[in-house]
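Chemist: Dumping the structure here so I can ask a few things about it.
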Amino acid sequence: MGAMFNKIGGFGNIGKVASEVDDKGEKERELDSVERQSVAIYDENLGIQKKRMAHLKETVENDKALNIGDDTYAMGFKAMHLDTMTEMNLNMCDVHDAFQAALSVFFIQFTLIGILALIVFTQDEGFSIKLPPNLAVLAARFVCSILMHLQVEGDMRQGLSMMKYVCNHSKDFSNPFYAFCVALMQCLGGMGAEIFCILFLCSLTDPIMILIRFVAFASIGKVDDFYASALSPDHKMKKDSEDMMITKHRRDTQEDK
């Protein structure tokens, strides 16, 4: 009987040892799983960091010069850039004329936009935004809205780029505040023209009238181009000039701090 109990006790110890081995193996598997997850998360974060560094490198390589057009706002902006003033042989009277031209264009734009805003906000002429009654009206509104955005998007992007350039290169301008105002005027003019044009088109339910009004309202965002094209080809501000070089970035300013 004693031998039998000893044998049974031995089986119990074997079972206990086997259970401990199973628990240990399970813990090791859990640790391996956690380790694999940690490695996967690390690899993912490393890949994201590499992508960010590649994007930053590409941005630095591309952002070497400010490319702006030949519209009235761009002329006023370039006129206040010291290197461009020297290159184009501009005096202060020329700079003031260029700034006044940009101010005049902004005044014309916002006068027209103000008329639209007055109609929209005072409910004059029976203005009210209406749902499209059929597919033709919906298509006309959608297409005209997209075209309006494409027409003013370049001006708004240029205005934002010029504002950023002034903030990072304020010492390169004869009057950085006025240069910033010129860029801001271009951005606000394009944005205001787009918003109120789309709002007004949403009040029309005739596809032909939508197209006609779109052609009329879209010209508000192009007043600066109309003014610039009306200038003589021999005008000083129409001379070719070198691109404004980008030598400072916001990230450089933060690193200096």
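No value in this document is a laboratory result; all are computed from the given coordinates. Keep in mind that what you see is a predicted model, and the values were worked out from it rather than measured. With ideal geometry, Cβ positions are generated from the backbone for all residues, glycine too; neighbour counts draw on all protein chains shown.
Chemist: Mind ranking 231-244, 71-84 by how tightly packed they are, going by the mean number of other C-beta atoms within 10 angstrom, highest first?
Modeler: Highest to lowest by the protection proxy: 71-84, 231-244.
Chemist: If I take every Cα pair under 8 Å that is 6 or more residues apart in the range 125-257, average their sequence separation and divide by the length, what percent do I get for the relative contact order?
Modeler: 33 percent.
Chemist: Between residue 212 and residue 43, what FRET efficiency follows from the Cβ-Cβ distance if R0 is 51 Å, with the result rounded to 0.05?
Modeler: 0.30
Chemist: Another one. Cross-link list 64/239; 51/171; 78/164; 64/171; 51/248; 171/222: which exceed 25 angstrom alpha carbon to alpha carbon?
Modeler: 51/171; 171/222
Chemist: Could I ask something else about it? Place a point 7 Å from Cα of residue 174 in the direction of its Cβ. Which residues in the range 81-117 have their backbone N less than 18 Å from it?
Modeler: Hits in the range 81-117 for residue 174 at 18 Å: 81-104.
Chemist: Pulled fully out, how much extra length does the chain show between residue 51 and residue 239, if you take 0.36 nm times their separation in residues and subtract their Cα-Cα distance?
Modeler: Roughly 63.6 nm would be gained on extension.
Chemist: In the P(r) worked out for the range 68-256, what percent of Cα pairs fall beyond 25 Å?
Modeler: 43 percent
Chemist: Moving to a separate point now. Would you mind calculating the relative contact order of the range 58-163 from Cα pairs under 8 angstrom and at least 6 residues apart, reporting the percent as a whole number?
Modeler: With pairs under 8 Å counted, the relative contact order is 24 percent.
Chemist: According to the square roots a ≥ b ≥ c of the eigenvalues of the Cα gyration tensor, what is the shape class of the range 187-251, taking rounded for a/c under 1.5, prolate for a/b larger than b/c otherwise, and oblate for the remainder?
Modeler: Here the range 187-251 falls in the oblate category.
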